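Worksheet: the structure to be examined is printed underneath.
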């Protein structure tokens with residue numbers, strides 16, 4: 001079973017993801033952004049779903065730290081948020097984010113994006129690191 005790490009500070013989103021993914025993926029979640037890099041190193045997820053609106057722009061720091069850490073393999077990162085501008089989308093894609101998925105999650109859209117990125121990762125697609 002593929003491992004998904006969800007980094008989000010909204011308990012309702014974590015609960016929604018747990019209900020959706022219980023039979024499809026091993027879901028690990030993290031609300032404390034200070035622990036995110038350590039959790040990624042420890043758990044070695046196949047994909048990370050990261051809330052782009054964490055306080056103090058923590059999502060951007062986590063993404064930057066992921067790319068800088070030699071102990072963390074190149075992996076797909078999906079940014080997530082309730083609403084996003086074209087400018088913000090351009091910025092996150094330039095930073096090496098694999099895709100964006102809107103919250104609240106729609107199961108078939110979320111799963112499609114996860115599966116697409118996992119397949120790309122399996123065939124060796126390189127994310128900007």
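The values are calculated or read from the model by the stated rules, or taken from the named source; none is laboratory data. Given the structure is predicted, the values throughout are model-derived calculations rather than measurements. Virtual Cβ from ideal backbone geometry, glycine too; neighbours counted across all protein chains shown.
Is it true that residue 123 is at pLDDT 90 or above, surrounded by 13 or more Cβ atoms within 10 Å (Cβ to Cβ) and over 16 Å from residue 10 (Cα atoms)?
no
Yes/no matrix, rows are residues, columns are (1) closer than 19 Å to residue 82 by Cα; (2) at pLDDT below 95; (3) touching a helix residue (DSSP H, G or I) at 6+ places or on another chain (Cβ under 7 Å):
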{"residue": "3", "(1), (2), (3)": "no, no, yes"}
{"residue": "8", "(1), (2), (3)": "yes, no, yes"}
{"residue": "18", "(1), (2), (3)": "yes, no, no"}
{"residue": "26", "(1), (2), (3)": "no, no, no"}
{"residue": "30", "(1), (2), (3)": "yes, yes, yes"}
{"residue": "37", "(1), (2), (3)": "no, no, yes"}
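The single condition among (1) touching a residue at least 24 places away in the same chain (Cβ under 8 Å); (2) under 13 Å from the mean Cα position of the chain (by Cα) that residue 102 does not satisfy is (1). Only residues that are assigned to a helix (DSSP H, G or I), touching a strand residue (DSSP E or B) at 6+ places or on another chain (Cβ under 6 Å) and closer than 18 Å to residue 107 by Cα were counted in segment 19-39, giving 1. When the residues of segment 45-71 are filtered to those that are in a loop (DSSP other than H, G, I, E, B) and over 14 Å from the mean Cα position of the chain (by Cα), which remaining residue is surrounded by the fewest Cβ atoms within 10 Å (Cβ to Cβ)? Filtering segment 45-71 for residues that are in a loop (DSSP other than H, G, I, E, B) and over 14 Å from the mean Cα position of the chain (by Cα), the one surrounded by the fewest Cβ atoms within 10 Å (Cβ to Cβ) comes out as 70. Surrounded by fewer than 19 Cβ atoms within 10 Å (Cβ to Cβ), at pLDDT 90 or above, out of contact with any strand residue (DSSP E or B) (no Cβ under 7 Å at 6 or more places or on another chain) and part of a loop (DSSP other than H, G, I, E, B), is that true of residue 42? For residue 42, the condition - surrounded by fewer than 19 Cβ atoms within 10 Å (Cβ to Cβ), at pLDDT 90 or above, out of contact with any strand residue (DSSP E or B) (no Cβ under 7 Å at 6 or more places or on another chain) and part of a loop (DSSP other than H, G, I, E, B) - is not met. Taking segment 1-28 as the range and being under 15 Å from the mean Cα position of the chain (by Cα), over 15 Å from residue 102 (Cβ atoms) and touching a residue at least 40 places away in the same chain (Cβ under 8 Å) as the test, the residues that pass are 2, 3, 4, 5, 7, 9, 25.
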